[in-house]
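Here's the structure, in structure tokens; my notes come after.
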Amino acid sequence: MKTLWVLEDNDGCLEIYRDILSDHYHVELMKDMAGLFQMTKDLHAPDLLISDIMLPDGKFINHLNDYRQIHPDTPIIIVSGLDDYSTIRHFFMNGVVDYLTKPFRPSELLVKVQRVMEQRNVSGSLSLGIDGKNVIVDGITMDNLTTKQIQILSLFLQTTDRRVQKDVLMKSVWGSTTVHPKALDVHIYHLRRKLEDYGLQIKSSGHGEWQLLSRYVAQNTK
């Protein structure tokens, strides 16, 4: 059975997590950062960490990199009452796989968790332009992309003209799961920045459509 760690200081919320998830996963609950880091000493890395931001002994946002140094490959879902763009952007920029705003529906949380677990099971198995955890585009190997960035980029690689509609990206990456309206924009923004180092661009071609181009092709089409 796969293991989830839940970091949440509210007792009522912890019981909700237990009720929703314990029938499907082995769930470990902790209430503060000290408990989280003690858990990293006592147990193997979880298959998924779900964390609030505001905790009694600090903000998770300030300890994210410390946790990443111990368990660099653990997917993280943030569940918080905070809904501001800069906070969401920071977490996505640092590899968080999803962000859920409180209050949430139990079914919504469960679907998000199941999707992360499914993606973890098939990580590295995408067939077109993907080799293990690396992405290969036009003979260029990229090894610094997050799971969500690989998913998004693979959708471009699966079309002959490398064009994808925004609604197709949303449905393919998140399915029927409700996500923050800015989530895709944040992922595209950071993916664009990484692709620039490889001479690639994601450009808007209008009508809610994006296209993956060589930077040099893009310059010649202006």
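FYI, it's all coordinate maths here, none of it is from the lab. Since we're looking at a predicted model, the values are computed, not measured.
Seen from all directions on average, the chain presents a Cα convex hull projection of 12.8 nm². Taking amide H atoms as placed 1.01 Å from N in the peptide plane, list the residues 5 or more away in sequence, or in a different chain, whose amide H sits under 5 Å from that of K2. Excluding prolines and chain starts, which carry no amide H, the hits are H26. Over 22 Å between Cα atoms, which of K41/K112; K2/K166; K59/K102 qualify? Correct reply: K41/K112; K2/K166. Using the Karplus relation 6.51 cos²θ - 1.76 cosθ + 1.60 with θ = phi - 60°, the per-residue 3J(HN,Hα) values for segment 54-61 come to 8, 10, x, 10, x, 9, 4, 4 Hz, with x marking Gly and Pro. Can you give me the angle between helix 33-42 and the longest principal axis of the chain, using Cα atoms only, in degrees from 0 to 90, rounded to the nearest 10? Approximately 90 degrees, to the nearest 10. Seen against the Cα atoms of the chain and their longest principal axis, helix 11-21 is set at about 60 degrees.
Rounded to the nearest whole Hz, the Karplus-based 3J(HN,Hα) values (6.51 cos²θ - 1.76 cosθ + 1.60, θ = phi - 60°) of segment 200-209 follow the sequence 10, 9, 10, 10, 6, 10, x, 6, x, 10, with x at glycine and proline. Each 5 Å bin from zero up to the one holding the largest Cα-Cα distance in segment 172-217 carries the following percent of pairs: 5, 19, 24, 24, 17, 8, 3, 1. What the Cα convex hull of segment 3-122 gives, in volume per residue, is 100 Å³.
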